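The values are calculated or read from the model by the stated rules, or taken from the named source; none is laboratory data. On a predicted model such as this, the values are computed, not experimentally measured, just so you know. A quick note on method: Cβ atoms are made from the backbone with ideal geometry, for glycine too, and the neighbour counts reach across all protein chains shown.
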Amino acid sequence: MAVAVFAAGCFWGVEETFRQLEGVTDTAVGYTGGHRADPTYKEVCRGDTGHSEAVRIEFDPERISYDQLLEVFWACHNPTQLNRQGPDVGHQYRSAIYPQDDGQEAQAKASLAREDASGRHPAPIATVLEPAATFWMAEDYHQHYVAKQKAKYGFAPACH
């Protein structure tokens, strides 16, 4: 198995998007890219830890490639918004890719360049490539949040 880590705004919907893909074997939501050890949701939401809300994706590269995951990443959020997605505003909602090795870094750079040159977006890409950092698991109630809400209420709430 391989691992990919992406930040694309509120992690609830992003996790659900990746969780549904054939070849993805596990997902988790959490915090990465910050300067405080073991941050809490409240600390990250305040915006003073430097972390982003992120999704850790475990996948089978023989069934789905990292490039295919990058395609889904670009499609599941607005990569032109700086430090926000929809109503969620702050550094913790930035669009970021956290390559886990040199191969992923090269693929992410190439993918970002292709996406920026594609003409699909009305503004330049604001997504950043950040070094892989410790991935701190979010609290249990955030894990598979959308799926839990669908099971409990028959629908999924909007992020935050």
When every residue in segment 21-44 that is of a type in the set (A, V, I, L, M) and in contact with a Phe, Trp or Tyr (Cβ under 7 Å, 6 or more places away or on another chain) is compared, the one surrounded by the fewest Cβ atoms within 10 Å (Cβ to Cβ) is Val24
A careful count of residues in segment 70-86 that are out of contact with any Leu (no Cβ under 8 Å at 6 or more places or on another chain) and closer than 20 Å to Ala106 by Cβ gives 5
Here the qualifying pairs (Cβ atoms under 6 Å; residues six or more apart or on different chains; first in segment 134-160 and of a type in the set (S, T, N, Q); second at pLDDT below 90) come out as Gln149/Ala156; Gln149/Pro157
(request) Could you tell me whether Val5 is free of Cβ contacts under 8 Å to residues at least 40 places away in the same chain and hydrophobic (A, V, I, L, M, F, W, C)? (result) no
Result of the Cβ filter at 6 Å on segment 102-127, keeping first residues that are closer than 20 Å to Ser65 by Cα and partners that are hydroxyl-bearing (Ser, Thr, Tyr) and part of a helix (DSSP H, G or I), at least 6 apart or interchain, is Gln104/Tyr66; Gln107/Tyr66
